[in-house]
1. Considering only residues of segment 53-85 that are part of a loop (DSSP other than H, G, I, E, B) and open to solvent by less than 60 Å² (accessible area, probe 1.4 Å), which is nearest to L99 (Cα to Cα)?
2. Only one of these is at pLDDT below 95 and not β-branched (V, I, T): E45, E30, E91. Name it.
3. Scan segment 306-317 and give yes if some residue there is at pLDDT 95 or above and either open to solvent by 50 Å² or more (accessible area, probe 1.4 Å) or closer than 18 Å to N204 by Cβ (or both), otherwise no.
4. If only one of P567, P609, P603 is of a type outside the set (S, T, Y), open to solvent by 30 Å² or more (accessible area, probe 1.4 Å) and in contact with a helix residue (DSSP H, G or I) (Cβ under 7 Å, 6 or more places away or on another chain), which one is it?
5. Take G119 and decide whether it is over 25 Å from the mean Cα position of the chain (by Cα) and either surrounded by 23 or more Cβ atoms within 10 Å (Cβ to Cβ) or assigned to a strand (DSSP E or B) (or both).
6. If you take the residues of segment 191-214 that are part of a helix (DSSP H, G or I) and buried (at least 24 other Cβ atoms within 10 Å of the Cβ), which of them is farthest from the chain's Cα centre (by Cα)?
7. Sort through G159, G170 and tell me the only one that's of a type in the set (G, A, S) and crowded, with 22+ Cβ neighbours inside 10 Å.
Amino acid sequence: MKSIIRITLFLLVSISFVQCKKTTTKLLGEEKPDTYVKDNYDKQEVAIEMRDGIKLHTTIYSPKDKSKEYPILMMRTPYSSRPYGEGKFRERIGPNVHLMKEGNIIVYQDVRGRWMSEGTYDNMRAYIPNKKSNTDIDESSDTYDTIDWLVKNVENNNGNVGTWGISYPGFYATYSTLDAHPALKAASPQACIGDFYFDDFHHNGAYLLSYFRATALFGTQKDAPTDTAWYKLPDIKTKDQYQFFLDAGPLSNLNKYFEYETLDNPGLKKDDMTDDFFWNELKEHPNYDSVWQSKGIIQHLKDIKPSVATMIVGGWFDAEDLYGPLETYKNIEKYNPSNYNTVVFGPWDHGAWARSRGKNIVGNYYFGDSISEFFQQDIETKFFNHFLKGTGDKNSGLPEAYVYDSGKKDWKTYDSWPPENVTRQAMYLSSDQNLTAKAQNTTGLKFISDLKRPVPYSEDIKTVFTPRKYMTDDQRFAARRPDVLVFETDVLDEDLTLAGDIMAKLKVATTGTDADWIVKIIDVHPADAEEQKEGMQDHLKMSNYHLMVRSEVMRGKFRNSFSNPEPFVPNKQTDVNIKLQDVYHTIKKGHKLQVQVQSTWFPLIDLNPQTYVDNIFKATEDDFKTQTHTVFTSSSIEFSVLK
């Protein structure tokens, strides 16, 4: 009860604080720039030499108050440590405003091969476990060398270092824990990439076509250090990405957008090869082969030094990196049981916990007020202060798992994640569109998958750099299509709390030799649901809102192995199991639990030709065929249910 009162009081104070922040001092009708960092910090830019002689550009912000010592908080990034140049300061530094104002030495570094750093960039550089010489370098060695230089050369540091980062910088924060420097005491990987075959650009073998424009951000090498962008993102010259990709046809027709020398008049000069090394990796390695396996970091989390405390952070509605933080936490926990390792998951999209907006809205859906502010002050700041300024023992005052119930809209704490009192509960798909506790007589439910009219992942007409909003989108538009199968419970007479992963155990058949299978878990709100006062698109209502809680795809040919794909036998019943990432969501009394099953999700993912090909990136128009798919009612969805 005391913790609930404390959280409530904090939220009330935070709301008042956010409202006050909106009343900013203005000069001649314009807001004055925030000069807190410039007024309170000195800035230094240095080139730190790595063990192989390559120099990495590093920006150091040190408190002007030299009367005491401070820990170092570092973020390594491929996205630039700018602004560059003397007298140019960031308006905000560090993980959050509290850590900035309390006083810490804040460090940003351009990783090898990016922006002002020397060297060659490698997208998700592979870890080298047993380095034999100074030429054996990876992000672990670069982090070690950087920390070693910082603690020896930056004045007024207390010898303790913490790392943090969101998304790709989160990957580098995870990397810092491998062969960690003795000064590293705390790491907080947040929305951290774990494996590019399951995060961001791939999901279970399906290519996320919606990330197409982001490819150039990672796949263009530069010749020398630079403070300006050297890459160019494809201009698809439309606001309707659904139609653009439908008209484009097979993925091979997109190669021309990565021949940068001829971008104004796209056309390939070389046979099937482009100037973008990442696009080449994607299209030449469609399976989970040695290229992707070597780049993954999850499998290397088996020997984290107990001297490094970790706090993994993620968002339940993060469209980009959900697999990464969950698997990072679980694997550190599994292989390093004596370590301090905790997890925080809130109702956020990608990186939203680092922003302060007052109201927490993802897409159209409102989850509460000052949720991010609470995380920043009462969780993140507390974590870093304890391990970098405090005793550093395991008694941090924080729980093992701090998780937000996105259905009840409140925080809960647990001694483990998933909680110990979770049981597995199966629900079966039935021919009358119900979800039932017991399997019914087996029958096949058929639908036609027409590749000329694929199911959209969103009803919005727009283009995106990366998709985000769809994670909470109202799924009524999909439920009313004939190529989407819908199953739901009766109106619940008591709360049903889902806590952990979900396993869809489909039994299917197809007239073709390949197919994608998509499963969506949906919270159907009652007809008399109270309307939101703000944040929702005009054409939507909370009445009967179909909130997508979790969703996932499986490219059918990878159903048994991501490394060794195999075709379907036409019309033969086949098992396809799909793991959906963890949720913590209560389907409340008066709501219904719904499951949707479909085979296209466009253009979130690319179109499966529905005939087996070894490499979909090289499929031709003749390979793409409309097929009829069958889902059998012996299929089940296995939930993790909190008792």
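The values are calculated or read from the model by the stated rules, or taken from the named source; none is laboratory data. These figures come from a predicted structure and were not determined experimentally. Positions of Cβ are backbone-derived with ideal geometry, glycine not excepted, and every protein chain shown enters the neighbour counts. Areas reflect the complete protein model, heavy atoms only, side chains present, ligands, DNA and RNA absent. Shrake-Rupley method; radii C 1.70, N 1.55, O 1.52, S 1.80 Å.
1. S81
2. Within the list E45, E30, E91, the selection yields E30.
3. Looking for residues that are at pLDDT 95 or above and either open to solvent by 50 Å² or more (accessible area, probe 1.4 Å) or closer than 18 Å to N204 by Cβ (or both), one finds at least one in segment 306-317, hence yes.
4. Values: P609 fails: open to solvent by 30 Å² or more (accessible area, probe 1.4 Å); P603 fails: open to solvent by 30 Å² or more (accessible area, probe 1.4 Å).
Testing whether each residue is of a type outside the set (S, T, Y), open to solvent by 30 Å² or more (accessible area, probe 1.4 Å) and in contact with a helix residue (DSSP H, G or I) (Cβ under 7 Å, 6 or more places away or on another chain) leaves just P567.
5. Considered against the rule, which asks whether it is over 25 Å from the mean Cα position of the chain (by Cα) and either surrounded by 23 or more Cβ atoms within 10 Å (Cβ to Cβ) or assigned to a strand (DSSP E or B) (or both), G119 comes out as no.
6. Residues of segment 191-214 part of a helix (DSSP H, G or I): 209-214.
From what is left, the residues that are buried (at least 24 other Cβ atoms within 10 Å of the Cβ) are 210, 212.
Values: S210: 14, F212: 16 Å.
Applying the filter and picking the extreme gives F212.
7. One residue alone meets the criteria, G170.
A quick yes/no check of all residues on (1) within 19 Å of A191 (Cα to Cα); (2) in contact (Cβ under 8 Å) with a residue 24 or more places away in the chain; (3) assigned to a helix (DSSP H, G or I):
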position: I332; (1), (2), (3): yes, yes, yes
position: H350; (1), (2), (3): yes, yes, no
position: F374; (1), (2), (3): yes, yes, yes
position: F387; (1), (2), (3): no, yes, yes
position: G397; (1), (2), (3): no, no, no
position: A426; (1), (2), (3): no, yes, no
